[in-house]
Structures are given as structure tokens and as C-alpha cells.
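Here the structure comes first, spelled out in C-alpha cells, and everything after it is commentary.
Read-outs throughout are calculated quantities, based only on the coordinates presented, and are distinct from any laboratory measurement. Since we're looking at a predicted model, the values are computed, not measured. Using ideal geometry, Cβ is built from the backbone for each residue, glycine included, and neighbour counts are taken over all protein chains shown.
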Amino acid sequence: MSRRSGILEFAVLGLLRESPMHGYELRKRLNTSLGVFRAFSYGSLYPCLKTLVANGWLIEESGTATAEALAVPLAGRRAKIVYRLTAEGKEHFEELLSQTGPDAYEDEHFAARFAFFGQTSRDVRMRVLEGRRSRLEERLEKMRASLARTRERLDDYTLELQRHGMESVEREVRWLNELIESERAGRDQQRSGPGSSAQHNSTSGESDVLPRRRGDNPPPDASGDTAK
């Protein structure tokens, strides 16, 4: 399985965990909610769905009247099939959510993982955020070293482009710092809160620890266009 198809399978399982959908609705959600997938076509999505069905993680059902109405833009029986997550599929998705390996820090995979942080436990969120920050700090160090070596040979426009790339990475690092601080503050509050009544469900990953004010530090581009 390629890394890109693995990200797509992860996102499809995550969306179907929220509710059953048919192919048209899934593609719409992938394109609008998770911009990293806006370049995916039905030619990519349906083989992915068939693979998930073959693995026992999804089942196909006949669409309801509501689902069929939503599927009007598509012709043929395919649009009437609704995909539902199985118990095995939910278990597999939760296993994927718990993974914090290097792939979780890469541009596209991180964007997909972050989109489902609401379903991720706080400890896993922290490991992914810290891993992503470490990866970007390494990238930033290499960019600075490269710029220092080549500055004299670059024209003004190329130099400005490199500076822009560095600034984009620096902004994301600051954004990650805010998220990490907020996660830590939320974890400390949970541990010290009276009667633990404010505790959140660690399985669903429910949390209100996102920064209330982020200033000029936006989230990474969901398309994975962070400067490399």
C-alpha cells in the first residue's frame, strides 16, 4: 500500500465512524473538510472503498431514500450504495489513531491525523504534535544552513522565495508550540481538577484545550504545501 492510499483509507474510516455515507458524500467530505484530498477522484476513492470492504472494515448497504436523494449528481446504481463501518473497521481505525510513528509527522499525513484529533486520546495527540514540531525544527535548521551557504549566489526573487518558505515553517512551529502548551495545560488541569469532574473521555479524545487565541499562527495548509 502506498503512503498516499494509506492516508485515504485512514480518512475514509474516520469519516464513516461519524456516520454511514455513500461515495458522492464521502468524496465531498474529503474535498471540503479535509482539503488534502481535494485532488482525489472517484477513480481513487472507489478502489479504496472496495479494499476496505474486502478487508471486512466496511459493509455495503442499499441506500435509503435520503441517501439516494443526495446521490442525484451521480448516475447508476453505484451512487445508491451506502458504506457503513463495521466493528472490525472501528477497531482498526482506533488502532491507526493510536499510532505515532514518523509517518504521522509528514505533511499530508499530519493534516489528516490532525483532522481527527477530536477522536484521538490526549497522550497520542501530544506525541504527534511533538513529533511534528521536531520534524519541522529539523527542516528549519536545514533551510537556514542552506540559505547561509547560497545567499550570495541567489537573485533577489529566489532569496525572497526561500525566506517565505522559512517564515511558513516558523509560523507552523509557533502554532504547534501553542497547541502543545494548551494540551499540557489541559492535562495538568485534568489531573488537579476537583473530583475529576472535568475529565474528558480519553477514548474519544474529546478536549477543549485548543488555544483560544492564536494570533497570526494559522494551522498548516491542509494540502500539505508546507515549504520543504
Net charge of neighbours whose Cβ lies under 15 Å from the Cβ of GLY89, counting Lys and Arg as +1 and Asp and Glu as -1: -4
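Ranked from highest to lowest mean number of other Cβ atoms within 10 Å per residue, what is the order of the peptides 91-97, 170-176, 153-159?
On the way: 91-97: 16.4, 170-176: 18.7, 153-159: 10.0.
The peptides rank, most packed first, as 170-176, 91-97, 153-159.
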Roughly what would the spin-label model give for GLU181 and ASP156, points 7 Å off Cα along C-beta, in nm? 3.7
Test of understanding: what is the full-extension gain from LYS28 to ALA87, defined as 0.36 nm times their sequence separation minus their Cα-Cα distance? 18.8 nm
Inverting the mean 1/r over all pairs of different Cα atoms, compute the Kirkwood radius of the range 121-187 and quote it in Å. 13.3
Find out how many positive minus negative residues lie around THR158, taking Lys and Arg as positive, Asp and Glu as negative, among other residues whose Cβ is under 14 Å from that of THR158. 0
